[in-house]
Amino acid sequence: ISCQQPEKAFIKARDSKVRPRCSLERETKIAATMIQLARIYLIALLAPTANSLLHYQRLTNTNHVNAVAKNNPHTLSMRLNPTSFANTNYIISEYPRPSLRRVPNAPVADFSSPDFRSISSQMLSIMYEAKGVGLAAPQIGVNELIFVYNPSDSKNMERIVCNPTITKYSPQTIVEDEGCLSLRSDECSGQVARSEWIETQ
């Protein structure tokens, strides 16, 4: 049914339950436009991440990083994590690896198991070697509710935290700069507001 004589075409289409050809053509054009817009949106959404990953791959050594920063003062300085760590097969997972945020973490069931003790010890070792003050299990590809930290220079302050639940927290907050070992850029830090104190179990 053509779009000529639209009134007759509409009556005929209504009676025969067939839509006019002009309606089908219009819907086809709308669908094509929507697909094109979706493609543009996906490109715009994924392009920055893809570009960052390619940029990371090109930064193969510290000398290259320093040379880039020297030639361009606006370039962010990059902290390259070691490709391996002493006495462990684990490495630090880097953003945007899905295991960091999108995979559920299992609670620790047996605190006396050799596996738990081994993972905790390796996490502390990796944290020190990477010059960090804290490390969560998902950051080494282990999706369990464990994190370790030590904000001091003394190993007497080492802490291993498992299955934490916050039971109370203060309404007063403090704001401090925080970074992350899973982000390569030293400039990828920000001011984070946290409660002055919390109670956990």
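The values are calculated or read from the model by the stated rules, or taken from the named source; none is laboratory data. Bear in mind that the values here come from a model prediction, so they are computed numbers and not experimental data. Neighbour counts run over all protein chains shown; Cβ positions are idealised from the backbone, glycine included. Please note that ligands, DNA and RNA were not included when accessible areas were found on the heavy atoms of the full protein model with its side chains. Shrake-Rupley method; radii C 1.70, N 1.55, O 1.52, S 1.80 Å.
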5 angstrom amide H check on A130, placed H, neighbours 5+ away: none
How much solvent-accessible surface does K29 expose, in Å² to the nearest 10, with a 1.4 Å probe and all protein chains in place? 140
Quick one: which residues, 5+ away or cross-chain, put their amide H under 5 Å from the amide H of Y169? H built at 1.01 Å from N. E199
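When only DSSP loop residues count, what GluC sites (Glu not before Pro) in the stretch 133-201 have their Cβ near at most 11 other Cβ atoms within 10 Å?
Within the stretch 133-201, the qualifying GluC sites (Glu not before Pro) (loop, at most 11 other Cβ atoms within 10 Å) are E196.
Starting from the residue with the highest accessible area, list D115, D153, D110 in decreasing order, probe 1.4 Å.
Of D115, D153, D110, the descending order of accessible area is D153, D115, D110.
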Leaving ligands and nucleic acids out of the surface, order I35, I126 by accessible area at 1.4 Å, largest first. I35, I126
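Can you tell me the dipole magnitude for the stretch 109-201 around its Cα centre, using point charges on the Cβ only (Lys, Arg +1; Asp, Glu -1), in Debye to the nearest 20?
160
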